[in-house]
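The values are calculated or read from the model by the stated rules, or taken from the named source; none is laboratory data. As the structure is a computational prediction, the values presented were derived from the model and not from experiment. Methodologically, a virtual Cβ is constructed for each residue, glycine included, from the backbone with ideal geometry; neighbour enumeration extends over all protein chains shown. Surface areas here come from the heavy atoms of the whole protein model, side chains and all, with no ligands, DNA or RNA. Shrake-Rupley method; radii C 1.70, N 1.55, O 1.52, S 1.80 Å.
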Amino acid sequence: MASLGLLDRRLLVVTGKGGVGKTTVCAALALLAARAGKRVLVCEVNATRERVAPLLGAPASGPFVREALPGIFTVNVTPHEAMREYGLMVLKFRTIYEAVFENRLVRYFLRMVPGLAELVMLGKVLHEVRAEDGGRPRWDLVLLDAPATGHAVQLLRVPSALVDTVPAGPLRHDAEWMQALLVDPARTGVALVTLPEEMPVNEVIELDGLVRGELGMAVAALVVNAMPPARFDAREAAELARLAAAPPPLGPAAEAGRIQALRAEAAGRYLVRARAALDLPTTVLPLLPVVEWGPAAVGEIAAALAAAPPAEARP
Amino acid sequence: MTTVRESLGGRRVAVCVGAGGVGKTTAAAALALSRALEGGKVLVCTIDPARRLANALGLATLGNVESRVPEHKLAEAGLRPRGELWAMMLDVKRTWDDLVARHAPDPARRERILRNRLYQQMSAALAGSQEYMAMEKLYELATDRDYDLIVLDTPPTAHALDFLDAPDRILDFLGNETARALLAPALGAGRFGLRLAQLGGGYVAKTLARFTGQQVLSDLGDFLQGFQGMYDGFKERAGEVRAMLARPETGFVLVASPAAAAIEEALAFHERLHAESMPVAGLVVNRLTPDLWPAATPLPGAAELAAPLAAAAASAPDLGARLAATLAEHQAMAAAERRSLAGLLARVGAAHALVPRLEGDVHDLAGLARMADRL
């Protein structure tokens, strides 16, 4: 396959286990793309608390697209607003929309048709990917800060599930173009984020299989986040274990060193496992001793991503 | 101060809640193991355990039924429990099917529901379905079996509170009388649209069908029709589940890590449980960076480490400097974690357990036992 830069697709879906730093990686990718002159939209999906815009030092955007930084726009896609926009698109006229959708019973149906909330939210995101203004694409890149593993698969599976189960009709028609966009490797890629730890690595390996197999989507890259530096070699690590029993100040310092060495060693093993199991362009991001996550930290992650863009695991 | 284990002492049901990736499953298994060690028949019901933990518990071969963790596995880990440890892995689809089978008035009705396309999607994929079934299974286990303690590990919800809201939301769906009446295929004709039109919503029906397609609504009508008569049983049961969760013999265990998102979820959950008068038995904070240096004392520099390192015959190049930097980073992290946790610890009055980031992952019974000691 011709090598396609991570940010050269129209849609990049970022996912991984909960707590691995998906949102931070998303924000950093947005920074990089904007620096390369791209117009970027970052979508969060029904986030209880929006995080992308605040990470970039901007106020939360809410359910409407808003510019966070020059060239970077953010939105928190909610079922309610996505449904409204979708309804307006299908029905064309606001008055009809209001007559139909403000009807309690109708809203009940729409909420309860399985997958419809996911469909309209994903539909909103994919609609932005296709949108054109004055004959050119509205966005050079749409980044989807997808939910954690299970929920992400559930979200991305909705179009194909509907194509399989729903007879011909408007719902089916929309599901079809959405599905076509998702599985087109030239337009859409998935970036998997993980930590070099046991559970996240297990989960990302499983997720890779689901994304390629069940969803039929292209995995564009693996991002291994928060890799501790190899600061002590094996011989030193063994020595530190011995020195940790010494009185202060050496004892505590050696204990901190021992713990760091253990973590780094384990992380190295899990990185090897992930690489061996996933033949993917991989970026390893350093563990930042960061206390407050904000624009400065995102900038550092962006710099690390720029310095080591996803490289082929087995060239 | 009482420990989380002690706080669960007199209870029969423990529900572990918290954000994804904070070690809920491990905490649930460790709590169950610790009670089994003290004596008592204990079940841990988990959703999606790490494979090695599943293997350690003998869960690999399990479906939706409980099985006892074999004595020899416990003995291999040097554990001699006075009680019994049982484990199971929740199968959402199977639990739904069992529920339908239990409430269906006759086999024909059961088959009609089980075959309905919407049911098949819903039981696997409807948001909240997993949470609802976890509650359902918990109630079944708590009422039909003789466990002294059941520990439930909850599914990773997109939003923590979904766990409490899901049953009501789904019941609202199943039990909406107006919807059922409207969607019920007209006798003979089988066209839901006619009924809706007769009720005066002609253009609403037409536009709705334009939106979803006629067939989807017909399926939904058929599905709701199938549930008619079963709904009362479901509703009654959901009421009982809720009542069980509010009883003093139940305890929620909040599980968090020092990550900001995990702390927020735990706080949100705590507020909600408090508002609903549901008993919080404890708070477990996993993956804490251990505090190694007194805050009031300045951290040592490379120079201060040089002499003791030399005395210990450890003289790798710049080892002192690397250690000083590592300790400083370590302590900065430890202090930051404690700052972010202060609010949560102050808010939650129940027993606390602060568990340092364990060396190596907890994936076997010995690891669980070590974790249990911290609870």
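Treating cross-link reach as a plain straight distance, find the lysines whose alpha-carbon is under 26 Å from the alpha-carbon of A:Lys124, omitting any fewer than eight places away in the same chain.
A:Lys17, A:Lys22, A:Lys38, A:Lys92, B:Lys206
Give me the residues in segment B:325-346 whose solvent-accessible area, probe 1.4 Å, is reduced by at least 20 Å² once all protein chains are included instead of the chain isolated.
Relative to the lone chain, where solvent access is computed with a 1.4 Å probe, segment B:325-346 loses at least 20 Å² at B:Thr326, B:Leu327, B:Glu329, B:His330, B:Met333, B:Ala336.
To the nearest 10 square angstrom, what accessible area does A:Trp177 show with a 1.4 Å probe?
For A:Trp177, solvent-accessible area is about 50 Å².
How far is helix A:79-91 tilted off the main Cα axis of chain A, in degrees rounded to 10, range 0 to 90?
Approximately 30 degrees, to the nearest 10.
Would you mind giving the total buried accessible surface between chains B and A, with a 1.4 Å probe and ligands, DNA and RNA left out, rounded to the nearest 100 Å²?
Roughly 5500 Å² of accessible surface disappears when B and A pair.
Name the shape class, rounded, prolate or oblate, that the alpha-carbon gyration tensor gives for segment B:257-375, where a ≥ b ≥ c are the square roots of its eigenvalues, rounded holds for a/c under 1.5, and otherwise prolate holds if a/b is larger than b/c and oblate otherwise.
prolate
Can you give me the angle between helix A:295-307 and the longest principal axis of chain A, using Cα atoms only, in degrees from 0 to 90, rounded to the nearest 10?
It works out to around 80 degrees.
Testing the spin-label approximation: label points 7 Å from Cα along Cα→Cβ at B:Ala366 and B:Asp291. State their distance in nm.
So the label points at B:Ala366 and B:Asp291 sit 3.1 nm apart.
Could I have the simple spin-label model distance between B:Asp168 and A:Asp133, label points 7 Å from Cα toward Cβ, reported in nm to one decimal?
4.2
Would you work out what percent of the accessible area of segment B:60-110, with all protein chains in place, is carbon or sulfur (probe 1.4 Å)?
Details: 1370 of 2750 Å².
Answer for segment B:60-110: carbon and sulfur cover 50 percent of the accessible area.
Hey, which of these cross-link pairs are over 20 Å Cα-Cα: B:Lys24/B:Lys93; B:Lys137/B:Lys235; B:Lys41/B:Lys137? All intermediate terms of the calculation are to be shown ahead of the outcome.
Numbers: B:Lys24/B:Lys93 22 Å; B:Lys137/B:Lys235 15 Å; B:Lys41/B:Lys137 18 Å.
Flagged as over cut-off: B:Lys24/B:Lys93.
Using the alpha-carbon atoms, what tilt in degrees (0 to 90, nearest 10) does helix A:234-243 show relative to the longest principal axis of chain A?
70
Amide H to amide H under 5 Å from B:Val253: which residues, 5+ apart in sequence or cross-chain, H placed 1.01 Å off N in plane?
B:Val15, B:Cys16, B:Val17, B:Ala281
Solvent-accessible area per residue for segment A:1-85 at a 1.4 Å probe radius, Å²?
39
I need the peptides B:15-26, B:106-117, A:165-176 ranked by packing, meaning the mean over residues of other C-beta atoms within 10 angstrom, with the highest value on top. Don't skip to the end; give the middle numbers.
Details: B:15-26: 25.7, B:106-117: 14.9, A:165-176: 17.7.
Per-residue mean Cβ counts within 10 Å order the peptides as B:15-26, A:165-176, B:106-117.
Compare B:Asp148, A:Asp208 by solvent-accessible area with a 1.4 Å probe and give them largest first, with all protein chains kept in place.
The residues order as B:Asp148, A:Asp208, largest area first.
Figure the gain on full extension for B:Ala313 and B:Glu271 (residue separation times 0.36 nm, minus the Cα-Cα span) and round it to one decimal in nm.
Length gained between B:Ala313 and B:Glu271: 9.6 nm.
Determine the gain in length on full extension of the stretch A:Asp279-A:Ala36; use 0.36 nm per residue of separation and subtract their C-alpha separation, reporting nm with one decimal.
Gain on extension, A:Asp279 to A:Ala36, equals 84.8 nm.
On the accessible surface of segment B:244-375, probed at 1.4 Å, how many percent belong to carbon and sulfur atoms?
59
Using Cα centres only, tell me the gap between segment B:89-117 and segment A:160-216 in whole Å.
Measuring centre to centre over Cα atoms gives 29 Å.
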